[in-house]
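The values are calculated or read from the model by the stated rules, or taken from the named source; none is laboratory data. Keep in mind it's a predicted model, so treat the numbers as computed, not measured. Glycine also receives a Cβ, built like all others from the backbone with ideal geometry; neighbour counts cover every protein chain displayed.
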Amino acid sequence: MSRRERILSRLIVQPGTAAGLADRDPAWTGGPEFAQLSEKQLKKTGKAILTKGVEELSEAQELLWASGRYALLVVFQAIDAAGKDSTIKHVMSGVNPQGVQVVSFKQPSSEELAHDFLWRISKALPERGQIGIFNRSHYEEVVALRVHPEWLAKQSLPPGPRGGRFWKERFEDINAFERHLDRNGTKIVKFFLQVSREEQRRRFLARLDTPEKQWKFSVSDLPERAHWDEYLRAYEDAITATSTPWAPWYVIPADHKPVMRAMVARILVNTVQSLDLSWPEVPDQEREVMAEARRRLEAEVA
């Protein structure tokens, strides 16, 4: 097994197995050969790997767009300050913006609450040839709402218990929804950026101490931090129940941002390459038209 395969095998949550978040190290850097590097060396190495990944992703995205048969849906979930925004910014920095759409799901509107919880997700899906990025997603419905079950009242659901069976059925709905998307050409890859509680504390303090970053700090950040263990339990259950062959979860250690971004870029490149795409072939009739166009253009020079 190559180093790349070894790293990816550690990050993916194999279908039918537990996510095992408590046993994963948010500061893991990819193996002993990276653990020996200083923070400066690690940052430099991560940036170099990311640069290569960005270049390869740009080429892969162009092929995805040209082929027009598949869409790629990328789901990012994380506890606050894990680095979703910066990862999206850096990893997608080399991709043609015309081929990418980023959707951030906020508090649902009254219209969205009047529909089932997957309705607004369906409306935001990428079309064939596009990369769609969900910055938070339908998984808020089985994570944030599980931590705050009182929010379910706004959804005007039919009466009934909201215990284990309720959440199990939501997992089943999500799996069926994602299976349908996969069967119809939308390849799904899901990332949980796992930051440690101590690193989150440091990043919150950095926001408070840096004037140009203070806008990122929300009054709800500390109250939500108090639910840390509840969020991890909710993520453990959700990831375990919904990592499938057609829509796998990858748990990305997020304490070292350059490493995190490099890992995400590599997985996205691998995902597009796994589609075995090819450039569109020009029909013979169009080739004749193109040949005529070439003759006319060359005649202008003469």
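Observations on the model:
- Residue check, Pro126 crowded, with 18+ Cβ neighbours inside 10 Å and closer than 29 Å to Glu62 by Cα: yes
- Tabulated pairs, the stretch 135-148, first more than 24 Å from Gln101 (Cα to Cα), second part of a loop (DSSP other than H, G, I, E, B) and at pLDDT 95 or above, C-beta under 7 angstrom, 6+ apart or interchain: Val147/His227
- Condition broken by Asp255, with the remaining ones in (1) assigned to a loop (DSSP other than H, G, I, E, B); (2) free of Cβ contacts under 8 Å to residues at least 40 places away in the same chain; (3) under 22 Å from Val75 (Cα atoms) satisfied: (2)
- Conditions (1) loosely packed, with under 14 Cβ neighbours inside 10 Å; (2) among the small types (Gly, Ala, Ser); (3) under 17 Å from Gln77 (Cα atoms): number failed by Ala144: (1)
- If the condition is being surrounded by 15 or more Cβ atoms within 10 Å (Cβ to Cβ) and either farther than 17 Å from Ile88 by Cβ or among the aromatic types (Phe, Trp, Tyr) (or both), then the stretch 38-55 contributes Leu42, Lys43, Thr45, Ile49.
- For the stretch 5-35, a tally of residues being assigned to a helix (DSSP H, G or I), surrounded by 11 or more Cβ atoms within 10 Å (Cβ to Cβ), more than 19 Å from the chain's Cα centre (by Cα) and touching a residue at least 40 places away in the same chain (Cβ under 8 Å) returns 1.
- Of everything in the stretch 81-105 that is closer than 15 Å to His256 by Cα and not aliphatic (A, V, I, L, M), the residue that is surrounded by the most Cβ atoms within 10 Å (Cβ to Cβ) is Thr87.
- Test: residue in the stretch 170-181 that is more than 22 Å from the chain's Cα centre (by Cα) and among the hydrophobic types (A, V, I, L, M, F, W, C): no
- Odd one out for Ala81, checked against (1) assigned to a helix (DSSP H, G or I); (2) more than 13 Å from the chain's Cα centre (by Cα); (3) within 28 Å of Ala35 (Cβ to Cβ); (4) touching a residue at least 40 places away in the same chain (Cβ under 8 Å): (1)
- For Phe166, the conditions (1) of a type in the set (Phe, Trp, Tyr); (2) in contact (Cβ under 8 Å) with a residue 12 or more places away in the chain; (3) surrounded by 15 or more Cβ atoms within 10 Å (Cβ to Cβ) are fulfilled apart from (2).
- Any chance Asp80 is of a type in the set (Asp, Glu) and in contact with a strand residue (DSSP E or B) (Cβ under 9 Å, 6 or more places away or on another chain): no
- Checking Leu145, Leu118 one by one, the residue that is closer than 30 Å to Gln273 by Cβ and modelled with pLDDT of 95 or more is Leu118 and no other.
- For first residues located in the stretch 279-293 and over 19 Å from Gly68 (Cα atoms), partners that are surrounded by 10 or more Cβ atoms within 10 Å (Cβ to Cβ) and hydrophobic (A, V, I, L, M, F, W, C) and lie 6+ apart or on another chain with Cβ distances below 8 Å form the pairs Met290/Val282.
- When the stretch 169-204 is filtered for residues that are outside any strand (DSSP E or B) and basic (Lys, Arg), the ones remaining, listed by number, are Arg170, Arg179, Arg183, Arg197, Arg201, Arg202, Arg203.
- Within the stretch 110-168, the set of residues being among the hydrophobic types (A, V, I, L, M, F, W, C) and outside any helix (DSSP H, G or I) comprises Ala114, Phe117, Leu118, Ala124, Leu125, Ile131, Ile133, Phe134, Val143, Leu157.
- The stretch 223-261 - residue that is charged (D, E, K, R) and over 30 Å from Leu42 (Cβ atoms) and, of those, surrounded by the fewest Cβ atoms within 10 Å (Cβ to Cβ): Glu230
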